[in-house]
Amino acid sequence: MIPLLAVEDVTVRFGDFAAVSDVSLALMPGAALGLVGESGSGKSTLLRVLLRLQAVASGRVLMDGADITTAREGGLRALRRDVQVVFQNPHSALNPRLSVHDSVAEPLQIQGVSNRQQMRDRITGLLDDVGLGEQFLWRFPHELSGGQKQRVCIARALATRPRALLLDEPTSALDVSVQAQIIDLLRRLRQQHNLAFLFISHNLAVVQLLCEEVAVLRQGVIVERGAVKQVLHAPQNPYTQALIASVLSPGGSRLSGPAVCEGVRAFGIH
Ligand SMILES: Nc1ncnc2c1ncn2[C@@H]1O[C@H](COP(=O)(O)OP(=O)(O)OP(=O)(O)O)[C@@H](O)[C@H]1O
Ligand SMILES: [Mg+2]
């Protein structure tokens, strides 16, 4: 099978500093791959490389087997349609001046949906998909909770009928109970739409809920990868062991904020 999206031997430099070093990673159609690592390990940079928003110093970016490393925007149409992204902070991801309707309408307009009734039907369908009723159509972001905002962001991301979602810590700005709801929603949507996920998180316990495979990034290098269960229960690399220990113990290191520990408890993973 050909990966939907892949990087091969990618290095990203900011001046002399290599934020990503020689990383190869493949996202297969319909698969869910977790990417974990402490703050600054290069997770978001790698995501930006996959979206062709970040230039590489060396290596290749491939979509459906085709080299898109240096493709111009015209050659990135399939990428822009088929691969959508959901960010950590739904508060800044939505335009405060746009109603829910208009926010979700934007990507549809870009796709050329112009018929009013068609537009309205697509928007209510997308909102329904993410568990929001018609009463939300004309609300503005300031009239929504964090979880509701993230649902709108996910509806927007689904508007182009993508094949993959790249999720950069999509739940870490939310309350623990809301995190669990969004995780549930993502699991359901993945099944329903046969989506591939690249899911970035500090929290291996959350990754386990969504992904089959995981790659562990440390200082821009992948130090471990494999089936989530195997990596979580029998980590081979000391860094991965520390990462797991810090997430699972309340008094752990810099990776164990209270939210992370609560998240682990809320999901019942010990
Ligand atoms: N545009 C940039 N210019 C210079 N340095 C950058 C730039 N973007 C990222 N970096 C650096 O690259 C490294 C990796 O950053 P990145 O945002 O990919 O980390 P991350 O793993 O996503 O961290 P976090 O978990 O905090 O989001 C960091 O040291 C960061 O400071
Ligand atoms: Mg990041």
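The values are calculated or read from the model by the stated rules, or taken from the named source; none is laboratory data. Here the structure is a predicted model, which means the values were calculated and not measured. Cβ sites come from the backbone with ideal geometry, for glycine too, and all protein chains shown count toward neighbours.
Considering only residues that are surrounded by fewer than 23 Cβ atoms within 10 Å (Cβ to Cβ) and of a type in the set (V, I, T), which ones fall in region 141-180?
If the condition is that a residue be surrounded by fewer than 23 Cβ atoms within 10 Å (Cβ to Cβ) and of a type in the set (V, I, T), then T160, V176, V178 are the ones that fit.
Looking only at residues in region 58-89 that are over 14 Å from S24 (Cα atoms) and within 16 Å of ligand 1 (Cβ to nearest atom), which one is surrounded by the fewest Cβ atoms within 10 Å (Cβ to Cβ)?
Step by step, filter region 58-89, then rank; the result is N89.
Residue check: is L51 in contact with a helix residue (DSSP H, G or I) (Cβ under 8 Å, 6 or more places away or on another chain), in contact (Cβ under 8 Å) with a residue 12 or more places away in the chain and either under 25 Å from P3 (Cα atoms) or within 16 Å of ligand 2 (Cβ to nearest atom) (or both)?
Against the criterion (in contact with a helix residue (DSSP H, G or I) (Cβ under 8 Å, 6 or more places away or on another chain), in contact (Cβ under 8 Å) with a residue 12 or more places away in the chain and either under 25 Å from P3 (Cα atoms) or within 16 Å of ligand 2 (Cβ to nearest atom) (or both)), L51 qualifies.
What helices (runs of 4 or more DSSP H) lie completely within region 135-254 and have 1 or more residues being touching a strand residue (DSSP E or B) at 6+ places or on another chain (Cβ under 7 Å) and closer than 30 Å to D16 by Cβ?
238-248
Any idea which residue in region 191-243 is farthest from A157 (Cα to Cα), counting only those that are aromatic (F, W, Y) and in contact (Cβ under 8 Å) with a residue 60 or more places away in the chain? Break it down stepwise before answering.
Applying the first criterion (aromatic (F, W, Y)) to region 191-243 yields 197, 199, 239.
Subsequent filtering for residues that are in contact (Cβ under 8 Å) with a residue 60 or more places away in the chain retains 197, 199.
Working: F197: 12, F199: 14 Å.
Per the stated criteria, the residue is F199.
Taking region 4-33 as the search range and keeping residues that are within 14 Å of ligand 1 (Cβ to nearest atom) and in contact with a Leu (Cβ under 9 Å, 6 or more places away or on another chain), which one is farthest from Q208 (Cα to Cα)? Let's see the steps before the verdict.
Here is the first cut: in region 4-33, the residues within 14 Å of ligand 1 (Cβ to nearest atom) are 7, 10-21, 23, 25.
Okay, now just the ones that are also in contact with a Leu (Cβ under 9 Å, 6 or more places away or on another chain), so 7, 10, 12, 19-20, 23, 25.
Details: V7: 23, V10: 26, V12: 28, A19: 26, V20: 24, V23: 22, L25: 18 Å.
For region 4-33, the residue satisfying everything is V12.
Determine whether region 44-64 contains at least one residue that is at pLDDT 95 or above, within 18 Å of the chain's Cα centre (by Cα), among the small types (G, A, S) and not in a loop (DSSP other than H, G, I, E, B).
Taking every residue of region 44-64 in turn, at least one turns out to be at pLDDT 95 or above, within 18 Å of the chain's Cα centre (by Cα), among the small types (G, A, S) and not in a loop (DSSP other than H, G, I, E, B).
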